[in-house]
1. Just add up the charged neighbours of PRO85: K/R +1, D/E -1, any other residue whose Cβ is under 15 Å from the Cβ of PRO85.
2. Counting Lys +1, Arg +1, Asp -1, Glu -1, what net charge surrounds TYR149 among other residues with beta carbon under 15 Å of its beta carbon?
3. So what is the relative contact order for the chain, in percent, with contacts set as C-alpha pairs under 8 Å and at least six apart?
4. Accessible area per residue for the chain in Å², computed with a 1.4 Å probe and the full protein assembly in place, what is it?
5. With a 1.4 Å probe and all protein chains kept in place, how much accessible area does ARG107 have, in Å² rounded to the nearest 10?
6. Given a 1.4 angstrom probe, I'd like the percentage of the accessible area of the chain that is carbon and sulfur, rounded to a whole number.
7. Where the centre of each part is set by its Cα atoms, how far does the stretch 57-84 sit from the stretch 92-151, in angstrom?
8. Per residue of the stretch 109-122, what does 6.51 cos²θ - 1.76 cosθ + 1.60 with θ = phi - 60° give for ³J(HN,Hα)? Whole Hz please, x for Gly and Pro, Karplus curve as stated.
Amino acid sequence: MTISATFQQMKQPSYRPIELPNENRNYSVVDKNKVDFYLNQREKGLPQLENILRSSNDEKTVTETLYIVDRMIDSGVEGVDKMYPALSRFNDTKSPNIQTFLAGIYRKTQVPDAFGPLCKMLIQNSINPPKTPQYFDPNEEIGGAILSYLA
C-alpha cells in the first residue's frame with residue numbers, strides 16, 4: 001500500500017483553520033493537533049504535504065503547510081530538501097507569510113537552487129514594498145537565510 005493510499009484511508013479529524021497574523025498578533029496560529037498529526041507521521045507525511053504544496057494556491061493552506069514542513073525539519077525529519085520542486089513554485093510569491101516560512105525552510109535545508117530565489121525575493125520586496133499593512137517584516141527571515149548560505 002502506498003503512503004498516499006494510507007493517508008486516504010485514515011480518517012483525519014476536523015482541524016481548526018490557520019489564523020494569519022493581524023493587527024493584534026504578528027504570528028500565525030495553527031491547530032496543534034494538526035501539526036502533531038504530521039510530526040508523528042515523520043517522513044511518511046512528506047508526500048501528502050508535498051501534494052498540498054503542488055496543488056494549492058490558497059495563502060492560508062500554503063502558509064499552514066509550510067509551517068508544518070518547517071516544524072518537521074526542526075524535529076529531524078529527513079528528506080525535506082527533496083521537496084524543493086514543490087516549494088519552488090512559491091519563489092515568486094508576494095505573500096509575506098509564505099515568503100517567511102519559505103525562507104526559513106531554505107535556510108534550514110540549504111538547497112543550492114534556493115539561493116538565487118532568496119536574493120530575488122529580497123530585491124523584489126525592496127523595490128516594490130507591499131501596499132497592504134504588514135504585521136512583520138519577511139525580509140528579516142529572507143536576509144537571515146541569505147546570510148546562512150554565505151556563512
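1. Neighbourhood net charge equals -1.
2. Within the 15 Å Cβ shell, the charges total 0.
3. 21
4. 56
5. Only protein atoms counted, so the area is about 80 Å².
6. 52
7. Distance between centres, Cα-based: 15 Å.
8. Couplings: 8, 6, 5, x, 5, 8, 4, x, x, 5, 4, 4, 4, 5 Hz.
The values are calculated or read from the model by the stated rules, or taken from the named source; none is laboratory data. It should be emphasised that the depicted structure is a prediction, and the values quoted were computed from it without experimental measurement. We place every Cβ from the backbone using ideal geometry, glycine too, and count neighbours over all the protein chains shown. Please note that ligands, DNA and RNA were not included when accessible areas were found on the heavy atoms of the full protein model with its side chains. Shrake-Rupley method; radii C 1.70, N 1.55, O 1.52, S 1.80 Å.
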